[in-house]
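Nothing in this text is a laboratory measurement; each read-out follows from the coordinates by a stated rule. Values in this document were obtained by computation on a predicted structure and should not be read as measured data. Cβ coordinates were reconstructed from backbone atoms using ideal geometry, including for glycine residues, and neighbour counts include every protein chain displayed.
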Amino acid sequence: MISNASDMPFGPGSVAERMHDIREAARVVSEGFSRAYMRECIDQHRFPQEIWETLGEYGLLGISIPEDLGGSGGGQVELVALMEALAEAGLVLPMLLLTGFARVPIIRHGTPEQIERFVKPTISGTEKLCFAITEPDAGTNSFAMSSLATREGDGYRLTGRKVFISGAADADRMLVVARTQKVGEVGRRTEGMSLFVVDTDAPGVQLQPLNIDVGWPERQYLVFFDEVRLDADRLIGLPGQGLAGMFEALNSERLLVTAMSVGLGNYALKKAVAYANERKPFGVPIGGYQALQHRLAEAKAELEAARLMMIQAAATFDAGGNAGAHANMAKLLGSRAAVKAVEAALQTHGGYGFDRDYDIITLWPSVRLMEIAPINNEMLLNYIGEHVLGLPKSY
Ligand SMILES: Cc1cc2nc3c(=O)[nH]c(=O)nc-3n(C[C@H](O)[C@H](O)[C@H](O)COP(=O)(O)OP(=O)(O)OC[C@H]3O[C@@H](n4cnc5c(N)ncnc54)[C@H](O)[C@@H]3O)c2cc1C
């Protein structure tokens with residue numbers, strides 16, 4: 001099966017060429033790691049350190065970091081290509097997504113010293129980053145967050161709670177979105193938010209694992225910040241003006257989630273096609289029945305549509321344009337298409353689809369999750385309705 005049907009113009013420096021080179025490198029890496037290895041990491045909630053180190057050795061963790069900063073260059077286009085190619089091989093690496101997008105505001109708004117300290121060690125893979133925005137009470141309504149960093153000397157003290165924080169125990173540092181001004185102290189709710197880099201083992205940080213199983217190696221945590229001391233160099237950008245950096249990170253996150261969705265969707269389809277060509281309960285392959293074939297074909301078309309939207313948005317992001325609308329649309333379409341692909345694969349496998357050893361039902365939680373997290377699709381539709389179509393705010 002062709003893994004992605006997009007026949008994009010190919011030439012020196014073209015988006016297609018940029019993606020092709022990364023896909024080739026990812027293919028070499030993924031050949032060394034089986035889906036069985038990944039399943040073991042997922043089942044045991046063990047961080048796939050071996051893949052991480054190999055990605056570091058190949059320079060793939062330095063993707064999207066400029067070469068003059070010690071990175072491998074490229075941007076979101078290369079990063080989504082990597083994420084997609086690994087997922088297509090059944091390798092689910094949320095930490096790549098987290099570290100990948102959490103670096104964005106540090107590179108764009110951090111000082112050279114902050115980049116040296118917080119970004120450089122992630123290029124070799126020595127350090128990992130996670131991201132903390134969600135709060136138990138605020139949920140989707142992030143602007144209602146109450147985690148507060150108050151001034152203390154030239155630094156801050158952070159107190160609050162975050163929930164569902166993926167990989168907090170595996171990561172060395174987390175990019176935390178917190179208020180430096182309470183909602184009542186600012187003119188608009190979007191003001192007064194700041195970005196901080198917090199060490200996951202800093203005094204006052206406590207991690208409580210949650211009992212969540214979404215087919216990822218990383219666990220999720222309830223994170224408590226109890227008067228955590230943050231030196232001045234932990235603030236990224238200007239105090240109270242973290243919104244731009246936050247949305248840059250979130251747009252990157254949406255693209256990487258799309259890449260993971262499209263990759264996993266294609267992984268499921270590949271397995272379904274192989275099975276449909278060989279399973280013959282009535283003497284002919286079930287793949288010849290249109291009821292199944294069309295279902296698989298529709299999923300493929302929708303994965304392709306999401307993929308093209310993702311590439312378009314990633315290229316816009318890299319060119320410094322506003323990728324918001326297309327990044328949101330890509331995530332909406334990609335997460336839905338991935339669910340459709342896994343559903344089609346499940347149908348194709350009949351009863352065996354529910355046998356974990358066939359590795360279809362095992363994909364379902366991770367693709368279904370992506371319709372809800374990092375942002376639920378309803379909020380993406382709200383965004384499109386309000387900001388693309390110009391309709392009244394609906395919530
Ligand atoms: C496995 C996993 C990993 C995660 N990793 C991280 C992480 O690393 N860092 C982090 O900060 N967060 C993380 N999250 C949190 C995730 O981003 C939130 O769960 C998500 O944003 C939704 O918030 P909520 O669960 O509180 O849902 P709620 O806000 O309670 O919403 C519940 C449902 O209500 C509907 N809804 C809510 N608001 C609206 C609206 N305005 N219009 C229409 N419908 C609406 C949606 O259907 C939504 O699914 C993770 C979550 C999970 C499950």
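With a Förster radius of 41 Å applied to the beta-carbon distance between residue 319 and residue 46, the computed FRET efficiency rounds to 0.60.
Modelled spin-label separation between residue 152 and residue 201, with each label point placed 7 Å from Cα along the Cα-to-Cβ direction: 2.1 nm.
Taking only the C-alpha atoms of the chain, the Rg (one decimal) and the largest Cα-Cα distance, Dmax (whole number), read 21.1, 78 Å. Starting from the Cα of residue 182, draw a straight line to each of the lysines and keep only those under 26 Å, dropping any in the same chain fewer than 8 residues away. By straight Cα distance, residue 182 reaches 162, 393.
Enter the angle in degrees (range 0 to 90, nearest 10) between the Cα long axis of helix 15-31 and the first principal axis of the Cα atoms of the chain, meaning the one along which they spread out most. That helix lies at roughly 80 degrees to the long axis.
Once you sort the root eigenvalues of the Cα gyration tensor of the stretch 1-129 as a ≥ b ≥ c, which label holds: rounded (a/c under 1.5), prolate (a/b larger than b/c) or oblate (the other case)? The shape class here is oblate. From the alpha carbon centroid of the stretch 57-111 to that of the stretch 349-395 is 23 Å. Angle of helix 290-318 to the longest C-alpha principal axis of the chain, folded into 0 to 90 degrees and rounded to 10: 30°.
Between the Cα long axis of helix 35-44 and the first principal axis of the chain there is an angle of about 50°, rounded to the nearest 10.
Take residue 224, project a point 7 Å from its Cα along the Cβ direction, then tell me which residues of the stretch 159-201 have their backbone nitrogen under 11 Å from it. Once the point is set 7 Å along Cα→Cβ of residue 224, 160-161 turn out to lie under 11 Å by backbone N, inside the stretch 159-201. Note on residue 120: lysines with a C-alpha under 17 Å away, same-chain residues under 8 apart excluded, are 128.
Anisotropy class assigned to the stretch 244-388 is prolate, per the alpha carbon gyration tensor with a/c at or over the 1.5 cut-off and a/b larger than b/c. Rounded to the nearest 0.05, the FRET efficiency derived from the C-beta distance between residue 138 and residue 387 at R0 = 22 Å is 0.55. Extension gain, residue 17 to residue 357: 0.36 nm times the residue separation minus the Cα-Cα distance gives 118.8 nm.
One decimal place: the segment residue 113-residue 378 gains 91.5 nm when fully extended, by the rule 0.36 nm per residue minus the C-alpha distance.
When only the Cβ of Lys, Arg, Asp and Glu is charged (+1, +1, -1, -1), the dipole of the chain relative to its Cα centre reaches about 980 debye.
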